[in-house]
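Heads up, the thing below is written out as structure tokens.
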């Protein structure tokens, strides 16, 4: 279980609301309201997660609102989940985050592809000095990396996306009786 998923382990269903247009569930820990969320399946094939986390809208799930929760919970928090959130959010802003460790791994792969690790030495120094994504990507381009090589460089799924997905997974566990 991931660290983020563990934060939802004690959550229970606090409420359920059904109307002609939405199916909503509230998730909360019984002893506190910290990290409480509401998950809403709308008639427009969207799944909306909000509350004590930044809101995320996942789009284009099954038309059945109850099935939509199971659908997204059955997926790992990966490119597919990112794609559905990007559609719902109108882009991936806030759904991906810079990660120094991933940037270093990506740089090793990039250097191996170019058979020239010294070419990207300044970019490595920039990563290690925490200069940030924009500066590193600019340096990589200056060193001759292609646009394809730097697309997604050093980026990973943001806590915002991972928290929203973990909440959906927890709700699905509760609905399927995983705690019983």
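All of the numbers you see were taken from the coordinates with simple rules; none came from a lab. Model, not experiment: these values are computed from the prediction. Cβ atoms come from the backbone with ideal geometry, glycine included; neighbour counts cover every protein chain shown.
Remarks
- The chain, relative contact order in percent, only Cα pairs under 8 angstrom and at least six apart counted: 23 percent
- Folded to 0 to 90 degrees: helix 133-142 orientation relative to the chain principal axis, Cα: 40 degrees
- Net length gained if the chain between residue 29 and residue 131 were fully extended (0.36 nm per residue, minus Cα distance): 32.9 nm
- To the nearest ten degrees, helix 159-175 and the longest principal axis of the Cα atoms of the chain are 30 degrees apart.
- Efficiency of FRET between residue 13 and residue 105 - r from beta-carbon atoms, R0 35 angstrom, step 0.05: 0.35
- Taken over the stretch 11-66, the ratio of Cα radius of gyration to 2.2 N^0.38 Å equals 1.14.
- When the square roots of the Cα gyration tensor eigenvalues are ordered a ≥ b ≥ c, the ratio a/c for the stretch 31-102 is 1.5 or more and a/b does not exceed b/c, which makes its shape oblate.
- Cα convex hull of the stretch 97-157, projected area averaged across orientations, nm²: 3.5 nm²
- Helix 79-89 vs. the chain, principal-axis angle (Cα, 0 to 90°, nearest 10): 70 degrees
- Rg/Rh for the chain stands at 1.09; both radii use Cα atoms, and Rh follows the Kirkwood definition.
- For the chain, adding -39500 (n - 2.57) for each run of n ≥ 4 DSSP H residues and dividing by the number of residues yields -13000 deg cm²/dmol at 222 nm.
- Peptides 38-50, 67-79, 158-170, 142-154 ranked from most to least packed give 158-170, 38-50, 67-79, 142-154, packing being the mean of other C-beta atoms within 10 angstrom over each peptide's residues.
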